[in-house]
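Visitor: Have a look at the structure that comes next, please.
The values are calculated or read from the model by the stated rules, or taken from the named source; none is laboratory data. Note that this is a predicted model, so its numbers are computed, not measured. Please note: Cβ atoms are built from the backbone with ideal geometry, for glycine as well, and neighbour counts cover all protein chains shown.
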Amino acid sequence: MKSRRQFIKISSLSTAGLIFGGGLLESFANSLVKDNKSYFKGPYDFTRTPTYCEVCFWKCAGWVYKDENGRIKKIIGNDLDPNCNGRFCPRGTGGVGMYYDEDRLKTPLIRKEIDGNQTYVEASWDEAFEFIATKMKQIKKEHGPESTALFTHGSGGKYFGKLLKAFGSNNIAAPSYAQCRGPREVAFISTFGQGINSPENTDIRDTKCLVLIGSHLGENMHNGQVQEMSDAIDKGANIITVDPRFSTVAGKSKHWLPIKPATDNALLLAWMNVIINEGLYDKEYVEKYTFGFDQLKDHIQRYTPEWAYGVTTIKPQQIRETAREMANAAPAVIVHPGRHVTWYGDDTQRLRAVAILNALLGSWGRRGGFYNPEKAEVPHYKLPAFPKPKKNWRDAMDGKYNLADLALASGVCDASIPGPDMDYAIKAWIVNGTNLINTLPDQKKTIQAIQELDLIAVVDTMPMEITGYADVVLPECTYLERYDALRISQGREPSIALRMPAVDPLYNTKPAYWMARELAKKLDLLDYFPFENIEEEIDWELKQVGTSLEEMQRVGVKKLEREFDDLYFADGEDVEFNTNTGKIELYSTALEEEGFDPMPVYTPHPEPEEGFYRLIYGRAPMHTFSRTANNPNLTDLMDENTCWVNPKVAKEWDLSSGQYVYLENQDGVISEFPIKVRVTERIRFDSIYMVHGFGHADKRMKRCFGKGVSDTQLITNVMTDPIMGGTGMRGNFVTFRTDIKKSEV
Ligand SMILES: Nc1nc2c(c(=O)[nH]1)N[C@H]1C(S)=C(S)[C@@H](COP(=O)(O)OP(=O)(O)OC[C@H]3O[C@@H](n4cnc5c(=O)[nH]c(N)nc54)[C@H](O)[C@@H]3O)O[C@H]1N2
Ligand SMILES: Nc1nc2c(c(=O)[nH]1)N[C@H]1C(S)=C(S)[C@@H](COP(=O)(O)OP(=O)(O)OC[C@H]3O[C@@H](n4cnc5c(=O)[nH]c(N)nc54)[C@H](O)[C@@H]3O)O[C@H]1N2
Ligand code: SF4
Ligand SMILES: [Mo]
C-alpha cells in the first residue's frame, strides 16, 4: 500500500529551474541589486551591509561586501561583535554559497496527485497561503487550535511562533532542546538555579584548566569559544579531554582520556570521590553556597578511582592526577557543560555530575570558571493578549518530563501519533528551518507522525528531505537577502546585532516575517502584526534602547552596558540561588520531588555485541549539520563523511582506507548509501565515528545527494531521558556489510 504522503524525490513540475539556472543566475542577481548608496562605504570601494550569520547558531555578526556590480563578494566578521571579534569561521565565510546555490527552493510548491503519482506543482504565494489557512481553520473547527504545532530552528521562528500563539497553540518546539542542550539546561537549573544558554557563560578566556567531556571544541566551531580556548592555551591553560576519539583538541591537551563510551558518569563520580576525600574542594565556597555536601560525601564513597578503572578503562592514577590538576587551577577551572549532550538517556544526571564538580571546585561565579552573563533587554511592541490554549503536547505525555523547561520536539512528534489513551492529537505542523527527517532520531516514527497529519507546511531555503514530505513548501530567501529579528546575545557585555538584506531575494523567495504576516491576514490575526514591514518593527524596538535602524545599518552591532558590576561573585558575597533551598544544590530537591535520584548514580549501558561497534558522531569544522551539505563553497572543502575505524578492527574486517562500505545497525537498518573507510588509531576499537549531516537522499540537491552516510538513519534506538525527555542517540551499534554492492540496496 502506498503511504499517504509519498516522499517526493523527483523535481517538481517546474520551469523555474530552467529559467533561472546556470549562467543566467548571475545576470539575474545583478539586475536585482538596488542602488545602496546610502549604506556605509567600506574600503576598496565595496559596499557593505551588516548581517549576523545563519550558518550556525552562534550568530556571529559580520559585514557583507559587494563589488561595484552589486554582487556579493565576501562576508567578514564585525570587529565590535563579542561573539566573533571580527573573525568568521570557514562556514561563516562560505555562507555566501547559500545564496549562490542553484539548487535552492525557488517558488512555493503544493503537493498534487497527477495520474496516480504525487508531485509538486508550482503555486503562487496566495494559493499556498490559502491552502494552509483553509486547512488550519478546518483543524481549529474540528480539533481546536491546540492541534497545530511549530518546529523551528533559526530566526524566522519568532514570527511563525507569534502566528501560532495568536492562533491559540503553544506547541512550539526546537530540536536544539530535546535533541541538543536540554539536559544541560535542566541539570544546571536544578543545581545553580540558572541555565547555561547561548553563548555559554564559560569564562574560557581566563581559565587555567579546561575539561572537555565529549565536547570537541575546534571541530565544534562555535566561534568565540574556540578563539577563547586558543588564547587560554597560549596563556598556559591546561586542557583535559575526555573522548573515545582523539579529537582535534585532544591533540592540544595535556591529558587525553580515551574513555570507554557511555561510562562518563563513572569518571565524574570518581573525580568527586578524589576531590572530596583528598580535601581538594573549595571548603569556604561549599560551606557558604551549597546544600547537601554531607549526603554527597557519603554518596560518592563507593565510586573510587579503582572502581571507575574497571568501568571506564581510565587508570586510577590518571583519574587522581587529573582531579588534582583541576583543583590546582580552581577556581579558574571549567568542567565544560558541552552542548549536544543527548547521549545515553541518563544525560541530565551526567550534566548534574558536571555541575556538582564545578560547584566543588568553586568555579561557578568565579573568574576563569563561569561568569554571570547579562542579557540585553529590548522591549517588544505591546500586542493584544494571546488566547489561552486549553491543552498542549504535554497532555499526550502522561505526566512525564515536568522538569523540561521548553517544549520537546520529539514530544510534539509523539503527540501527533494518535493512541488509544490520547484524547488529543496534533494535526498540523509548520516546520521552519529544521530538517526533522535527519534531526529527530527514529526516522520511522517521524515519518509515521507525518503520515497522520492533516497538514504539513515546510519553510526552508533548500529542498531538504523534510520538504519531500510537505503538503506545501514555502521557499524562504537566504539570510543574505532579508531582515530578521534583532540578534540579542547574552555575554560579559550583552549585545544586539542587525541583519539586513545585502541584495534582494532571488527567484520567488520571501522572508519569514512577510510569510507569517500574510498568513495572519488569511487567519484574521493581523492585530498581532501591527507593523506592515519588519523594518518598522525593528526600528521601533531599536528606538526603545536609544538607537535606530539607521544607526544599526551603519554599525551592525551595539554592545549594551552591564547594569550591575556582578560578572563574578565578590569575596564573601551573599548569593541567593534560584533553587528550592536558595543554595547550589549538590543534593537536588527538585529531582527528588519528581521521584528521581537527587544525586547522580552510575548506570551501565548496553554494549555492542560481537562484530558490532558503537556508532558515535560529531561535527566537522567546515559544515553545520545538513544546512551546509549542498553549499558549493563548503562541499569544495569536504563533500562526504568518512567512517573512522580502528586499525585492529580494520584488520579483522580486511578494510582499508578509501574503501566504501555499507553499515547495518542492531535493528537491521542498512545505510542507504556507502561510506568511505578511514583507518585510524584516533578512534577506539569498540566504536566507529562519522560526522553528522551527510547521506542526503533528496536528488534535488545535486552536490550532496548520496554522499556519505546519514547517522540519523542508523539511530533507531533512542534512549529517552526520564527526567526531561531528551533523546539519547548514542546507544546504537553498527556492523560492516562488505558483501553489499551499491545496486543491491
Ligand atoms: N543524528 C543526529 N541528529 C542530530 C544531531 C546529531 O549530531 N546527529 N545533532 C542535534 C543537534 S545538536 C541539533 S542543534 C539539531 C539541529 O537540527 P536542525 O535544526 O534540523 O539543523 P539542520 O540539519 O541544519 O537543519 C536546518 C534546516 O534549515 C534549513 N535552513 C537553512 N537556512 C535557512 C533559512 O534561512 N531559513 C529557513 N527557513 N530554513 C533554513 C536547512 O536547509 C535545513 O533544512 O539536530 C540534532 N539532531
Ligand atoms: N563546525 C560545526 N560546529 C558546530 C556545529 C556544527 O554543525 N558544525 N553544531 C553546533 C551545535 S548545534 C552543537 S550542539 C555543538 C555540538 O558539539 P559538542 O557539544 O562539542 O559535541 P558533540 O557533537 O556532542 O560530541 C562529539 C564528540 O563527543 C565524542 N563522544 C562520543 N561518545 C562519547 C562518550 O560516550 N563519551 C565522551 N566523553 N565523548 C564521546 C565524539 O568522539 C566527539 O568528539 O556543535 C556546535 N558547533
Ligand atoms: S561560528 Fe561560524 S557558522 Fe557559526 S555563526 Fe559564527 S561564523 Fe557563522
Ligand atoms: Mo545543537
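Visitor: Listed residues R181, R111; which is outside any loop (DSSP other than H, G, I, E, B) and within 16 Å of ligand 4 (Cβ to nearest atom)?
Guide: R181
Visitor: Hey, S489 hits all of (1) away from ligand 4 (no atom under 16 Å from the Cβ); (2) hydroxyl-bearing (S, T, Y); (3) modelled with pLDDT of 95 or more but one; which does it fall short on?
Guide: (3)
Visitor: Further question: Name, by its number, the condition in (1) assigned to a helix (DSSP H, G or I); (2) within 28 Å of the chain's Cα centre (by Cα); (3) surrounded by fewer than 15 Cβ atoms within 10 Å (Cβ to Cβ) that does not hold for N578.
Guide: (1)
Visitor: Specify which of the listed residues (Y344, Y289) is touching a Phe, Trp or Tyr at 6+ places or on another chain (Cβ under 9 Å) and surrounded by fewer than 24 Cβ atoms within 10 Å (Cβ to Cβ). Break it down stepwise before answering.
Guide: Values: Y344 fails: touching a Phe, Trp or Tyr at 6+ places or on another chain (Cβ under 9 Å).
None of the other options fit; the residue is Y289.
Visitor: A further question follows. Looking at this structure, is R367 within 16 Å of ligand 3 (Cβ to nearest atom) and either assigned to a loop (DSSP other than H, G, I, E, B) or surrounded by fewer than 24 Cβ atoms within 10 Å (Cβ to Cβ) (or both)?
Guide: No; evaluated as a whole, the condition is false for this residue.
Visitor: Just wondering, is there one or more residues in region 243-258 that are away from ligand 2 (no atom under 16 Å from the Cβ) and in the same structural domain as V354 (by TED's automatic domain parsing)?
Guide: yes
Visitor: Could you count how many residues in region 117-130 are in a helix (DSSP H, G or I) and of a type outside the set (G, A, S)?
Guide: Total meeting the criteria: 5.
Visitor: How many of the residues making up region 707-729 are of a type in the set (S, T, N, Q) and within 23 Å of E592 (Cβ to Cβ)?
Guide: Of the residues in that region, 1 qualify.
Visitor: For region 169-204: of the residues being closer than 30 Å to M136 by Cβ and more than 16 Å from ligand 2 (Cβ to nearest atom), which is surrounded by the most Cβ atoms within 10 Å (Cβ to Cβ)?
Guide: So, considering only residues that are closer than 30 Å to M136 by Cβ and more than 16 Å from ligand 2 (Cβ to nearest atom), the one surrounded by the most Cβ atoms within 10 Å (Cβ to Cβ) is S169.
Visitor: Could you please let me know if K444 is touching a Ser or Thr at 6+ places or on another chain (Cβ under 6 Å) and outside the structural domain of A61 (by TED's automatic domain parsing)?
Guide: Spelling it out, it is not the case that K444 is touching a Ser or Thr at 6+ places or on another chain (Cβ under 6 Å) and outside the structural domain of A61 (by TED's automatic domain parsing).
Visitor: Let me ask something additional. Quick check on region 131-139. Is at least one of its residues outside any loop (DSSP other than H, G, I, E, B), of a type in the set (S, T, N, Q) and in contact with an Asp or Glu (Cβ under 8 Å, 6 or more places away or on another chain)?
Guide: Checked region 131-139: at least one residue is outside any loop (DSSP other than H, G, I, E, B), of a type in the set (S, T, N, Q) and in contact with an Asp or Glu (Cβ under 8 Å, 6 or more places away or on another chain).
Visitor: Answer yes if at least one residue in region 514-526 is part of a loop (DSSP other than H, G, I, E, B) and in contact with a Pro (Cβ under 9 Å, 6 or more places away or on another chain), and no otherwise.
Guide: The answer is no, given that none of the residues of region 514-526 is part of a loop (DSSP other than H, G, I, E, B) and in contact with a Pro (Cβ under 9 Å, 6 or more places away or on another chain).
Visitor: Considering only region 466-484, I want to know if a residue exists there that is within 29 Å of D81 (Cα to Cα), more than 21 Å from the chain's Cα centre (by Cα) and aromatic (F, W, Y).
Guide: yes
Visitor: Could you identify the single residue in G668, G725, G731 that is surrounded by fewer than 17 Cβ atoms within 10 Å (Cβ to Cβ) and closer than 30 Å to M397 by Cα?
Guide: Testing whether each residue is surrounded by fewer than 17 Cβ atoms within 10 Å (Cβ to Cβ) and closer than 30 Å to M397 by Cα leaves just G668.
Visitor: Oh, and also: Any residue in region 604-617 that's at positive phi: show its pairings with residues that are assigned to a strand (DSSP E or B) and away from ligand 2 (no atom under 13 Å from the Cβ) at Cβ separation under 9 Å, as long as the two are six or more apart or on different chains.
Guide: Close Cβ pairs satisfying both conditions: G611/T735; G611/F736.
Visitor: Please verify whether region 627-649 includes one or more residues that are touching a Gly at 6+ places or on another chain (Cβ under 8 Å), small (G, A, S) and within 16 Å of ligand 3 (Cβ to nearest atom).
Guide: Yes: one or more hits.
Visitor: Going residue by residue through region 648-663, is there one that turns out to be closer than 23 Å to T342 by Cα, buried (at least 19 other Cβ atoms within 10 Å of the Cβ) and of a type in the set (A, V, I, L, M, F, W, C)?
Guide: yes
Visitor: Go through (1) within 16 Å of ligand 3 (Cβ to nearest atom); (2) without any contact (Cβ under 8 Å) to a residue 40 or more places away in the chain for E68 and report which single condition fails.
Guide: (1)
Visitor: Going through E287, E325 one at a time, which residue ends up being part of a helix (DSSP H, G or I), out of contact with any helix residue (DSSP H, G or I) (no Cβ under 6 Å at 6 or more places or on another chain) and either within 29 Å of P722 (Cα to Cα) or in contact (Cβ under 8 Å) with a residue 12 or more places away in the chain (or both)? Step through it out loud before you land on a result.
Guide: Working: E287 fails: either within 29 Å of P722 (Cα to Cα) or in contact (Cβ under 8 Å) with a residue 12 or more places away in the chain (or both).
Criteria check complete, one pass: E325.
Visitor: Hey, another quick one. Given the conditions (1) away from ligand 1 (no atom under 16 Å from the Cβ); (2) closer than 27 Å to L406 by Cα, which single one is not true for H222?
Guide: Unmet condition: (1).
Visitor: Looking only at region 148-168, decide whether some residue is part of a loop (DSSP other than H, G, I, E, B), under 23 Å from the mean Cα position of the chain (by Cα), on the phi > 0 side of the Ramachandran plot and surrounded by 21 or more Cβ atoms within 10 Å (Cβ to Cβ).
Guide: yes
Visitor: Hey, among the residues in region 302-315 that are in contact (Cβ under 8 Å) with a residue 40 or more places away in the chain and part of a helix (DSSP H, G or I), which one's farthest from the chain's Cα centre (by Cα)?
Guide: W307
Residue-wise test of (1) under 26 Å from the mean Cα position of the chain (by Cα); (2) closer than 24 Å to Y662 by Cα; (3) among the polar types (S, T, N, Q).
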residue	(1), (2), (3)
I584	no, no, no
S588	no, no, yes
L591	yes, no, no
E594	no, no, no
P598	no, no, no
P604	no, no, no
I616	yes, yes, no
R619	yes, yes, no
